[in-house]
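**Student:** Below is the structure I would like to discuss, written out as structure tokens.
The values are calculated or read from the model by the stated rules, or taken from the named source; none is laboratory data. Small disclaimer: the values here were computed from a predicted structure and weren't measured. Cβ: placed from backbone, ideal geometry, glycine included. Neighbour counts: every protein chain shown. Surface accessibility is based on the protein's heavy atoms, side chains included, excluding ligands, DNA and RNA. Shrake-Rupley method; radii C 1.70, N 1.55, O 1.52, S 1.80 Å.
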Amino acid sequence: MVDEEDGAAQNTISEHEYLNMSGTAIRPEIQRSMGGTGPQERSNSIADSISSQENIMIARRHWIAASLALLSVVMVVASGCGPQGNGGTANSGNQVADTGRTGGDKAHDDIILSEADMERGKQIYFDRCAGCHGVLRKGATGKNIEPDISRKKGTAYLEAMIHNGSPAGMPEWGKSCILSPEEVKLMAKYVQNPVPAPPEWSMPDIKASHKLLVPVDKRPTTPPSRDWQNYFGVVLRDVGKVAIIDGDTYELVNIVDTGFAVHILRTSASGRYFYSIGRDGKVTLIDLWMEKPDRVAELRPVLEARSIETSRYEGFIDKYTIVGGYWPPAIVVMDGDTLEPLKMMSTSGYEVNEGTFVREARVAAIVADHHHPTWVVNIKETGQMWLVDYSALDGNAPSLKVDIIDAERYLHDGGWDLSKRYFLIAANAKHKVAVIDTQTQKLVALVETNGNTPHPGRGATIDHAEFGPLWATGHIGSNHISFIGTDPEGHPDNAWKVAKQIELPGAGGGNLFIKTHPNSNHIYADRALNPDQMLADSIFVMDKSTLENKKTLVIPEEFRGHKAVHIEFNRAGTEIWVAAWGRKDQTGAILVYDDKTLELKETITGDWMVTPTGHFNVYNTVHDIY
């Protein structure tokens, strides 16, 4: 692979070479359909004469052609799971056309499932599907797939979509062998069956789940000798564990049992504790001051969740912890040191557009306001931003005060601007970003991102010489990176609009995370959900000054097909850590790159490294550095 700038052999490639390697651009069959040349002539002439922009246009035509090829898609589905890694990257079946065949026009005897298969399907749906499509299947980030809609698509269509995924962000569950061919067939039938009634969960259930494993007075009183603020917590998603790794030595310090498929790790304001929240709703409190960091308390406040935060306002530092539920849709407040449950409140309510009642109004991102004793709690399906005041939780009659701000539906994830005054969150199904001023506690803008389904994670913050302070987001459904101005006083012309937008190479989106650091000259983005293997195995490096894509890092050959996901800096901002995700039956890795040279400097792996995904540096998480 060749460095774009100087031709030195590295683990990087030029934009032009990338498009030809990845399989998302000039392919012989597309060339022939356009009157082009064959493979040999392509390598000899086209690669030297067509610009990256033209390649991208060809890639788009490729996806359009692929979407019409339903017959070839069904053939791919029938082939089942093939070898992973260095196989071909052709994705002509990744978009599936609706041929108009209506499954609802005939009897549905072929979708009837046994009780055992329904239970199996329910578990797979919870593990893999509910996060985007909802427990009740009404959709949010993903589409509505209630039975009256899914039956019209028909089993063959649904099998093809589940197997192949789509450039809009639907993972290729079958093609990547995360689901077996039998499981793909099962799920295509399962989503055409009635939605099972989800279980309820209340305060008696929550209290019964509480475990105080190490009382506060039995915990260490001084920190360890290591630089624990440079620890990384690495989520081992599918085995329900978190690995604690020393960021200085790359040494595995301990592996901690947690909930299933931990979504995020948040630190206490002091940095001493990691709070993990599993998709199964389980909270694990990890004490980083122990010589081998481990659990000190557990609680299951809800049955499914994505978000957790602590209190950070002066006088309340780390006193309380809040969890937002996907199911049941609720917020639960706990003691920050012990996880003892204190208060529960339903988030079901009326959505902001038409005022219809939404039972499944799930809690997305939560952040702790720096200006008031409140949490900003984002309710996905209603489009509301709740300001939850925790200052009155003390005393004989503890209470929560909630002010509600109407924003936009399907709020998902987001982060702070550089000043930590404005919180920006993606209303991703509406392709917008909502902005709240936490100082005045008012909504100040709804920004069109000019991309498809923004998914910023926390986003990336930059102080740009021309545009001023910016906050950046990528997109699940398109290859756009949008830079939004966030300084209405110093740079009013750019405030709350897209000041600059670029397109990453290759068709489709798939971006989940974008990240930078004050000490870095780069911005990094992944494409882990892109169905093209080469794109999903790459990290895209943008120059902070030009705001253009500079290099493409492709993960090492031994981890091809694993998907490169999530970027995190070390405390000093001199390294980026990238996860090579992989399946549960594969060994994954954390890949450490030098931020200046963009060379791979360390591979952290072992038989314990199973499905690594999010990885969180203690110092950067405490200080919201992104």
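**Student:** Name the long-range amide H neighbours of A499: under 5 Å, sequence gap of 5 or more, or other chain; modelled H, no Pro or chain starts.
**Tutor:** It is F483, I484, G485, by chain and number.
**Student:** While we're looking at this one, here's another question. Send over a whole-number figure in Å² for the accessible area per residue of the stretch 475-575, probe 1.4 Å. Intermediate results must be reported in sequence, preceding the final value.
**Tutor:** Working: 2680 Å² over 101 residues.
For the stretch 475-575, the solvent-accessible area averages 27 Å² per residue.
**Student:** Which of rounded, prolate or oblate describes the stretch 522-588 when judged by the alpha-carbon gyration tensor and an a/c cut-off of 1.5?
**Tutor:** oblate
**Student:** Over the Cα atoms of the stretch 476-535, what Rg and Dmax result, in angstrom?
**Tutor:** Cα radius of gyration and Dmax of the stretch 476-535 are 13.8, 44 Å respectively.
**Student:** Excluding residues fewer than 8 places away in the same chain, name every one of the aspartates and glutamates whose C-alpha is closer than 15 Å to that of K138.
**Tutor:** K138 reaches E146, D148, E351, E360, E381.
**Student:** Moving on. Filter K292/K420; K380/K551; K175/K241 down to the pairs with a C-alpha to C-alpha distance above 31 Å, please.
**Tutor:** Table pairs above 31 Å Cα-Cα are K292/K420; K380/K551.
**Student:** I would also like to ask the following. Could you sort T461, T440 by accessible area so the largest value comes first, with the probe set to 1.4 Å?
**Tutor:** T440, T461
**Student:** Give me a comma-separated list of calculated 3J(HN,Hα) values for the stretch 423-430, in order, Karplus coefficients 6.51, -1.76, 1.60 applied at θ = phi - 60°, integers in Hz, x for any Gly or Pro.
**Tutor:** Once rounded to whole Hz, the list reads 10, 10, 9, 6, 9, 5, 6, 9.
**Student:** Considering only protein heavy atoms and a probe of 1.4 Å, how much of the accessible area of the stretch 408-548 is carbon and sulfur, as a whole percent? Can you show the working numbers first?
**Tutor:** On the way: 1790 of 4000 Å².
With neighbouring chains kept in place, the figure for the stretch 408-548 is 45 percent.
**Student:** Over the stretch 122-180, average the accessible area per residue using a 1.4 Å probe and give it in Å², no decimals.
**Tutor:** Here the per-residue accessible area is 36 Å².
**Student:** Find the Cα radius of gyration of the stretch 464-619, compare it with 2.2 N^0.38 Å by division, and give the number to two decimals.
**Tutor:** The stretch 464-619 yields a ratio of 1.06.
**Student:** Which shape class, rounded, prolate or oblate, goes with the stretch 382-434 when its Cα gyration tensor gives a ≥ b ≥ c as root eigenvalues, a/c under 1.5 marks rounded, and past that a/b bigger than b/c marks prolate? Mind showing how you got there, number by number?
**Tutor:** Details: a/c = 3.76, a/b = 1.86, b/c = 2.02.
The shape class here is oblate.
**Student:** Continuing with this model, one more query. Subtract the Cα-Cα distance of A208 and E503 from 0.36 nm times their separation in residues, and report this length gain in nm to one decimal.
**Tutor:** 101.2 nm
**Student:** Follow-up. Quote the FRET efficiency, to the nearest 0.05, computed for D257 versus V444 with a Förster distance R0 of 56 Å and r equal to the Cβ-Cβ distance. Let's see the in-between values first.
**Tutor:** Working: r = 43 Å, r/R0 = 0.76.
It comes out at approximately 0.85.
**Student:** Still on this model: From the phi of every residue in the stretch 575-583, what ³J(HN,Hα) in whole Hz does the Karplus formula 6.51 cos²θ - 1.76 cosθ + 1.60 yield, where θ is phi - 60° and glycine or proline is x?
**Tutor:** Rounded to whole hertz, the list is 9, 10, 10, 10, 8, 8, 5, x, 8.
**Student:** On full extension of the chain, what length is gained from D148 through K292, given 0.36 nm per residue of separation minus the C-alpha to C-alpha distance? Show your work: numbers first, answer last.
**Tutor:** Numbers: separation 144, 0.36 × 144 = 51.84 nm, distance 5.20 nm.
Gain on stretching D148 to K292: 46.6 nm.
**Student:** Rolling a 1.4 angstrom probe over the protein chains, ignoring ligands and nucleic acids, what is the accessible area of S114 in square angstrom, nearest 10?
**Tutor:** 60
**Student:** Would you mind putting 583-589, 466-472 in packing order, based on average other-beta-carbon counts within 10 Å, highest first?
**Tutor:** Averaged packing, sorted descending, gives the order 466-472, 583-589.
**Student:** Something else: Can you give the net charge of the other residues whose Cβ lies under 11 Å from the Cβ of D537, counting K and R as +1 and D and E as -1?
**Tutor:** Computed value for this residue: 0.
**Student:** Another question, then. Per residue, what volume in Å³ does the convex hull of the Cα atoms of the stretch 544-626 enclose?
**Tutor:** 109
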